[in-house]
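Engineer: A single structure is presented below for examination.
The values are calculated or read from the model by the stated rules, or taken from the named source; none is laboratory data. Since we're looking at a predicted model, the values are computed, not measured. Positions of Cβ are generated from backbone atoms using ideal geometry, with glycine treated the same way; all protein chains shown enter the neighbour counts. Each accessible area value is taken on the protein alone, full model and side chains, heavy atoms only, with ligands, DNA and RNA left out. Shrake-Rupley method; radii C 1.70, N 1.55, O 1.52, S 1.80 Å.
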Amino acid sequence: MSDRPSFILFITDQHRADFLGCYGHPLVKTPNIDAMAAQGVSFDRFYVSSPVCMPNRASLMTARMPSSHGVRSNGIPLSKENVTFVELLKDAGYKTALIGKSHLQNFTGKPAILPRSETRPGFYRASGALAEAVRHDLLSPVYSQEEPDFWAGPQPRVETPFYGFDHVELVTGHGDEVGGDYTAWLLGRCPEAASLVGPTNQLDHDYVCPQAVRTAVPEELYSTSYIAERAMAWLEENGDQEQPFFLMVSFPDPHHPFNPPGRFWDMYAPENFPVPEAFQRNDWTPPPHVAGIMKERETGRAALKGMGTIGCSPREAQEAQALTCGMISMIDEAVGRVRSLPAAQEAIGIFTSDHGDHLGDHRMLLKGAEHYEQLIRVPFIWSEPGDGKAGTRANQIGQTHDIGPTILERARIESAIGMQGRPLLEGGRDAALVQYDHQKENPNIGIGPRVHTLRTERWRLSLICGVEWGELYDLEADPGEFVNLWDCPDHAGVRAHLTERLARAEMDAVDRAPFPTGLA
């Protein structure tokens, strides 16, 4: 019997903290996740390091901010130069496994869209390794193991160890058109599965929400069921506790397209969800980037099938919330099945999410450069058998890059020099720093929008690169974030103070790796 604990980390995708029963949602049914919270500690002020997939998952793995680990935005694979906390667990004797979504590498197969600067007339531009300020090998095959071309090859298999994971079974993509190891599993059970997936094969419905897809894939063949089945199989084979283990169970849901399968499609009625407050107010002036998103939708220019934020109607907001709750309830049942195994009951259970989704709040869907609570605040539950903290609510601020150091601290393993996360069980932060960078153009910000946010116990300050305006909200007086105090003379002192704190937080996030090799 090992004297170090085992861990199971459940992580979901676009899952706001307020869309769990244990966080007070009046409608969503999540008895199994609620049970984890009842047996452990729920963190009420837990924030992402970045509100998009790849940067935040890289922060989870490396315990570092995007500006340090290099995955500033989606589309940049995580370099193997980074040490992950999973590698430290493996080095200390842990079995390690990942079942489900990784997204540490690109998985669309599409080229980058961020334009490179043009070569000026009469100027020479270097190519190859000298074209960028930092040499890298991110175009090598080792960084294409999540891409469609890799999985289209003969008998593809992820090369392990994969960022520290000895065992990997991947699900790539979102919705029902997902790939990775899941594809072979699906075709083995349903050879005609190609006739079931995607919007062209969907079942009839009357929903109007963009990307509402009533998948024809039955729930027993959906990726959430696959992940639960394979996680249970791994635990039954490896969870004997003779050797401690770390298992990451990673769900691509909830995410758009909104396509919960089977009974989860109509488990929740849209009309039971309240119309978000922004639709009921006539005294709200959206900040320029939010106003630009609304105008795009009003003028028919919004990318309704894309990944970025779009404007929405009240009915679309209600439908998106109902369908998201269907996906969450399916995940909850999967969590319950995995946690029913003896090995899982003896392990420390952890639950968190990648980032949030507007789901109609502020009249928007999906995610982007808007750092409202709905995007940056996610659940974090630490459920440890017999630790005497059952049902505790923690109010200190924590972030995604604190998860790895918290696990390492409990396993009595030192973090690597340069890891920036802090053990959450030892006390929290006085503020969260959130970094956002993207390839796509954002209305009224421009191409390659960059937004950095400081979230304190009371305030949210967001600085936006390339513009003179910003955002400042008093969430104590204005929890809905409708009154932007950026230009308010009465709050000039608060703005200056928070700007200084943001600068100090950015300094704290500057790399301390590599460590000095000598005294020069």
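Engineer: Per residue of the range 200-206, what does 6.51 cos²θ - 1.76 cosθ + 1.60 with θ = phi - 60° give for ³J(HN,Hα)? Whole Hz please, x for Gly and Pro, Karplus curve as stated.
Structural biologist: 5, 10, 5, 6, 5, 7, 10
Engineer: I'd like the antiparallel share, as a percent to the nearest 5, of DSSP beta bridges with both residues in the chain. Present the calculation step by step, with values, prior to reporting the outcome.
Structural biologist: On the way: 31 of 61 bridges.
So the antiparallel bridges amount to about 50 percent of the total.
Engineer: Rounded to the nearest 0.05, what FRET efficiency do Trp469 and Leu187 have when you use their Cβ-Cβ distance and R0 = 51 Å? Before the final figure, lay out the partial values.
Structural biologist: On the way: r = 52 Å, r/R0 = 1.01.
That pair, Trp469 with Leu187, gives E of 0.50.
Engineer: Would you mind telling me the share, in percent, of accessible area of the range 380-520 contributed by carbon and sulfur at probe 1.4 angstrom? Before the final figure, lay out the partial values.
Structural biologist: Working: 3660 of 7130 Å².
The value for the range 380-520 is 51 percent carbon and sulfur by accessible area.
Engineer: Something else: Which shape class applies to the range 1-126: rounded if a/c is under 1.5, otherwise prolate when a/b exceeds b/c and oblate if not, where a ≥ b ≥ c are the square roots of the Cα gyration tensor eigenvalues?
Structural biologist: On the way: a/c = 2.94, a/b = 1.65, b/c = 1.78.
Judged from the Cα gyration tensor, the range 1-126 comes out oblate (a/c at least 1.5, b/c at or above a/b).
Engineer: Just from its helices, what would the mean residue ellipticity at 222 nm be for the chain, if runs of 4 or more DSSP H residues each count -39500 (n - 2.57) and the sum is divided by every residue, rounded to the nearest 500 deg cm²/dmol?
Structural biologist: Working: 13 runs with 130 residues, N = 520.
Helix contribution divided over all residues of the chain: -7500 deg cm²/dmol.
Engineer: Give me the distance in nm between label points sitting 7 Å out from Cα along the Cα-to-Cβ direction at Ser127 and Ala194, one decimal.
Structural biologist: For the pair Ser127/Ala194, the computed spacing is 3.7 nm.
Engineer: With a cut-off of 8 Å between alpha carbons and a minimum separation of six or more residues, what is the relative contact order of the range 335-473 in percent?
Structural biologist: Details: 191 pairs, mean separation 21.0, N = 139.
15 percent.
Engineer: Extending each Cα 7 Å along its Cβ direction at Ala269 and Asp137, get the distance between those two points in nm, one decimal.
Structural biologist: Roughly 6.0 nm, to one decimal.
Engineer: Compute the FRET efficiency between Ala520 and Thr119 as 1/(1 + (r/R0)^6), taking r as their Cβ-Cβ distance and R0 = 25 Å, and round to the nearest 0.05.
Structural biologist: On the way: r = 37 Å, r/R0 = 1.48.
That gives a FRET efficiency of 0.10.
Engineer: In addition: Could you tell me what % of all Cα pairs in the range 385-520 have separations over 21 Å?
Structural biologist: 56 percent
Engineer: If you take the charge dipole of the chain about its Cα centre, with +1 on Lys and Arg Cβ and -1 on Asp and Glu Cβ, which of Ser195, Tyr207, Trp151 is farthest toward its positive end?
Structural biologist: Of Ser195, Tyr207, Trp151, it is Trp151.
Engineer: Given a Förster radius of 45 Å and the C-beta distance between Ala38 and Cys488 as r, what FRET efficiency does 1/(1 + (r/R0)^6) yield to the nearest 0.05? Write down the numbers at each step before the final one.
Structural biologist: Values: r = 42 Å, r/R0 = 0.94.
Efficiency at R0 = 45 Å is approximately 0.60.
Engineer: Cα gyration tensor of the range 123-237, axes a ≥ b ≥ c as square roots of the eigenvalues: rounded (a/c below 1.5), prolate (a/b > b/c) or oblate? Don't skip to the answer; put the middle values down first.
Structural biologist: Details: a/c = 2.69, a/b = 1.50, b/c = 1.79.
Judged from the Cα gyration tensor, the range 123-237 comes out oblate (a/c at least 1.5, b/c at or above a/b).
Engineer: To the nearest 20 Debye, how big is the dipole of the range 6-78 about its Cα centre, given +1 on the beta carbon of each Lys and Arg and -1 on that of each Asp and Glu? Spell out each step's value before the answer.
Structural biologist: Values: 6 positive and 4 negative charges, 48 e Å.
Magnitude of the dipole: close to 220 debye.
Engineer: In Å and on Cα atoms, what radius of gyration and Dmax does the range 221-284 show?
Structural biologist: 19.4, 62
Engineer: In percent, what relative contact order does the range 308-375 have, based on Cα pairs under 8 Å that are 6 or more apart in sequence? It would help to have the intermediate numbers written out before the result.
Structural biologist: On the way: 56 pairs, mean separation 35.2, N = 68.
Once normalised by length, the contact order is 52 percent.
Engineer: Using the 2.2 N^0.38 Å rule of thumb for compact globular proteins, work out how the range 204-249 stacks up: its C-alpha Rg over that value, please. All intermediate terms of the calculation are to be shown ahead of the outcome.
Structural biologist: Values: Rg = 17.0 Å, N = 46, 2.2 N^0.38 = 9.4 Å.
Against the empirical 2.2 N^0.38 Å value, I get 1.81 for the range 204-249.
Engineer: Which helices of the chain meet both criteria: a Cα extent of 20 Å or more along the helical axis and a mean Kyte-Doolittle score no lower than -0.5, with helices taken as whole DSSP H segments? Let's see the in-between values first.
Structural biologist: On the way: long enough: 223-238 (22 Å, -0.46); 314-339 (37 Å, -0.14); 492-508 (24 Å, -0.44).
In the chain, the long hydrophobic H runs are 223-238, 314-339, 492-508.
Engineer: For a test of the definition: using alpha carbon positions, the gyration tensor, and the 1.5 limit on a/c, classify the range 302-441 as rounded, prolate or oblate.
Structural biologist: Details: a/c = 2.41, a/b = 1.47, b/c = 1.64.
Oblate.
Engineer: So what's the convex hull volume per residue for the Cα atoms of the range 53-106, in Å³?
Structural biologist: Working: hull volume 3.7 nm³, N = 54.
Normalising the Cα hull of the range 53-106 by residue number yields 69 Å³.
Engineer: Over the range 71-200, what is the relative contact order in percent, taking alpha-carbon pairs closer than 8 angstrom and at least six residues apart? Please list the in-between numbers first.
Structural biologist: On the way: 130 pairs, mean separation 40.7, N = 130.
So the answer I get is 31 percent.
Engineer: Taking all protein chains in place and a 1.4 Å probe, what share, in percent, of the accessible surface of the range 198-280 do carbon and sulfur account for? Spell out each step's value before the answer.
Structural biologist: Working: 1430 of 3220 Å².
After summing per-atom areas, the C and S share lands at 45 percent.
Engineer: With the alpha-carbon atoms as the only input, what is the per residue convex hull volume for the range 65-173 in Å³?
Structural biologist: Per-residue hull volume (Cα only) is 130 Å³.
Engineer: Related question: So, in nm, how far is label Ala477 from label Glu500 when the simple model puts each one 7 Å beyond its Cα toward the Cβ?
Structural biologist: 2.1 nm
Engineer: Solvent-accessible area per residue for the chain at a 1.4 Å probe radius, Å²? Can you show the working numbers first?
Structural biologist: Working: 22050 Å² over 520 residues.
Using a 1.4 Å probe on heavy atoms only, each residue of the chain averages 42 Å².
Engineer: A further question follows. By how many nm would the segment from Asp204 to Asp240 grow when fully extended, if each residue of separation counts as 0.36 nm and the alpha-carbon distance is taken off?
Structural biologist: Working: separation 36, 0.36 × 36 = 12.96 nm, distance 4.62 nm.
Stretched out fully, the Asp204 to Asp240 stretch lengthens by 8.3 nm.
Engineer: Moving to a separate point now. What is the set of long-range amide H partners of Arg450 at a cut-off below 5 Å, with H atoms built 1.01 Å from backbone N?
Structural biologist: Here the answer is Cys465, since their amide H atoms fall under 5 Å of that of Arg450.
Engineer: Given a 1.4 Å probe and every protein chain left where it sits, what share in percent of the accessible area of the range 56-137 is carbon and sulfur? Each step should come with its number before you reach the end.
Structural biologist: Values: 2310 of 4380 Å².
Ligands and nucleic acids excluded, carbon and sulfur give 53 percent.
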